[in-house]
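First up is the structure itself, then whatever we jot down about it.
The values are calculated or read from the model by the stated rules, or taken from the named source; none is laboratory data. Treat the numbers as computed from the prediction; the structure is a model and nothing was measured. Here Cβ is always computed from backbone atoms with ideal geometry, including for glycine, and neighbour counts include all displayed protein chains.
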């Protein structure tokens, strides 16, 4: 068997992207890290190839202006800090929202909260970057607790730091505000074998994936938050850093917001077929490593397809030569 380092590959889709959203094409990416020394923590391990179907993600964190439209339309209660003069400018991210507020807004907008895996893919990009913009910490590219003179100590506008966008063009995925995602938190969820469109473990009260640690906290009682905030240290703004908060309250109020995602009408078999066709082209060009990556993605989308399995064996034989 040949071991080939994972390189993300995506199935390109031609579709009209909704306003202020970006399209994240279907394909694999490396979630998590293996080295949990230094800036990384044990709940970020192990690194694993994850397949995500195509989806849309908000280019910006939800702003006060957008949230105002929601409040007016639904009579939803205003969040904490709504009248705070340093936090209530129209283009600043809404803060003071709990998970249920964020979830309700996204559904009102005909969207949803992103899964943790979707969030991480949008932040890391196909190269698996440490930060949205690359692998080097650059203080000017994010709003976080730099411990330096001149730090703003408040949220930036949602379209700030255009030099720090992710590979997909998503803003402020490092710093500014932590962001709610869909998943319940489990410290060792990454050790499970879910590799296709994972949506996290179920909470208490459901059919739990038994991932409770010895202390029984905070696993499966808290929701995941990602990205760090304006008051978070550098180790919290990496693309793999995981944190959690009680979904009912907002203990990180002035530094916790969200953005929304939207599903496409995906056809997994069609996506898998697209990867298979790419593998055929790569074999014709004798690019066997790329063919191997493509056929692996095809099998993630259609794991029981005998044609794809047989073609993978042929590619492996070429790589073994």
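Here are a few things to note about the model shown:
- Subset tally (residues that are assigned to a loop (DSSP other than H, G, I, E, B) and closer than 14 Å to residue 174 by Cβ) for the stretch 220-267: 13
- Within the stretch 131-155, the set of residues being crowded, with 20+ Cβ neighbours inside 10 Å and either part of a loop (DSSP other than H, G, I, E, B) or touching a strand residue (DSSP E or B) at 6+ places or on another chain (Cβ under 8 Å) (or both) comprises 132, 133, 141, 142, 143, 144, 155.
- Boolean, residue 90 is without any contact (Cβ under 8 Å) to a residue 40 or more places away in the chain and over 21 Å from residue 229 (Cα atoms): no
- Flag for residue 270 being surrounded by fewer than 15 Cβ atoms within 10 Å (Cβ to Cβ), in a helix (DSSP H, G or I) and at pLDDT below 90: yes
- In this structure, residue 122 does not satisfy being assigned by TED's automatic domain parsing to the domain that holds residue 55, closer than 13 Å to residue 257 by Cα and outside any loop (DSSP other than H, G, I, E, B).
- Filter result for residue 250 (surrounded by 19 or more Cβ atoms within 10 Å (Cβ to Cβ), within 22 Å of the chain's Cα centre (by Cα) and either over 29 Å from residue 44 (Cβ atoms) or modelled with pLDDT under 90 (or both)): yes
- The one condition in (1) in contact (Cβ under 8 Å) with a residue 24 or more places away in the chain; (2) out of contact with any strand residue (DSSP E or B) (no Cβ under 9 Å at 6 or more places or on another chain); (3) farther than 18 Å from residue 230 by Cβ; (4) not in a loop (DSSP other than H, G, I, E, B) that residue 167 fails to fulfil: (4)
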